[in-house]
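The values are calculated or read from the model by the stated rules, or taken from the named source; none is laboratory data. Note that this is a predicted model, so its numbers are computed, not measured. As a convention, Cβ positions derive from the backbone with ideal geometry for all residues, glycine included, and neighbour counts pool all protein chains shown. Quick note on the areas: whole protein, heavy atoms, side chains included, nothing else; ligands and nucleic acids left out. Shrake-Rupley method; radii C 1.70, N 1.55, O 1.52, S 1.80 Å.
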Amino acid sequence: VDAFQAWCGPCKTVVDLFRKIRNEVGSDLLHFAVAEVDSIDALEKYRGKCEPVFLFYAGGELVAVVRGANAPLLQKTILEQL
């Protein structure tokens, strides 16, 4: 989940990376979403930050968090969680 705030929008720089990884691993294993933290109370702790935050869930549980648009770290985290 790309957790973003309304004033800065979702991180567009990693969309190509996400598409590439999803094409490689298949759509059954990997799903991407965006969430505006200003309108979701459960994501309140991610408000007020000026960096992108990516939340990784498995089985409904938060399993990893990556702060910043660090493509190599995002790819590593995605592959590790799969």
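At 0.36 nm per residue, minus the direct Cα-Cα distance, what do Glu51 and Glu36 gain on full extension? Give it in nm, one decimal, please.
Working: separation 15, 0.36 × 15 = 5.40 nm, distance 1.34 nm.
Net length gain for the segment: 4.1 nm.
Please list, in order along the range 11-16, the HN-Hα scalar couplings obtained from phi with the Karplus expression 6.51 cos²θ - 1.76 cosθ + 1.60 (θ = phi - 60°), rounded to whole Hz, x for Gly and Pro.
The phi angles translate into 6, 7, 6, 9, 4, 4 Hz.
Work from the charge dipole of the chain (Cβ charges, +1 for Lys and Arg, -1 for Asp and Glu, about the Cα centre) and give the residue of Pro72, Gly26, Val1 farthest towards its positive end.
Ranked along the dipole, the leading option is Pro72.
Quick check for you: with a 1.4 Å probe and neighbouring chains kept, what is the accessible area per residue of the chain, in Å²? The partial results should precede the final answer.
Working: 5300 Å² over 82 residues.
Result: 65 Å² per residue.
Cα-based Rg of the range 1-46 per 2.2 N^0.38 Å, rounded to two decimals?
On the way: Rg = 12.4 Å, N = 46, 2.2 N^0.38 = 9.4 Å.
In units of the globular-protein estimate, the range 1-46 measures up at 1.31.
Obtain the radius of gyration and the Kirkwood radius of the chain from its C-alpha atoms and give Rg over Rh. Display every interim value, and only then the final one.
Numbers: Rg = 12.3 Å, Rh = 13.1 Å.
For the chain, the value is 0.94.
Just want to confirm a number: the relative contact order over the chain, from Cα pairs under 8 angstrom separated by 6+ residues, in percent. Provide the component values of the computation, followed by the final result.
Details: 97 pairs, mean separation 27.3, N = 82.
This gives 33 percent for the chain.
Can you compute the modelled spin-label distance between Gln81 and Leu29, with each label point 7 Å from Cα toward Cβ, in nm?
With each label placed 7 Å out from Cα toward Cβ, I get 1.4 nm.
What part of the accessible area of the chain, given as a whole %, is carbon or sulfur when the probe is 1.4 angstrom?
Its accessible area is 52 percent carbon and sulfur atoms.
Check Gly68: other-chain or 5+ apart residues with amide H under 5 Å from its amide H, H built from backbone geometry?
Amide H to amide H, under 5 Å and 5 or more residues apart or across chains, Gly68 pairs with Val53, Phe54.
Given Cβ point charges of +1 (Lys, Arg) and -1 (Asp, Glu) and nothing else, what value in debye, to the nearest 20, does the dipole of the range 1-79 about its Cα centre take? Could you put the intermediate results ahead of the total?
On the way: 9 positive and 10 negative charges, 59 e Å.
That gives a dipole near 280 debye.
What's the lysine pair count for the range 1-79 at a Cα cut-off below 21 Å, pairs eight or more apart or interchain? Please report the intermediate quantities before stating the final value.
On the way: Lys12/Lys20; Lys12/Lys49; Lys12/Lys76; Lys20/Lys76.
Value for the range 1-79: 4.
What does DSSP give for the chain in terms of the percent of beta bridges that are antiparallel, rounded to the nearest 5?
Details: 8 of 11 bridges.
Percentage antiparallel, nearest 5: 75.
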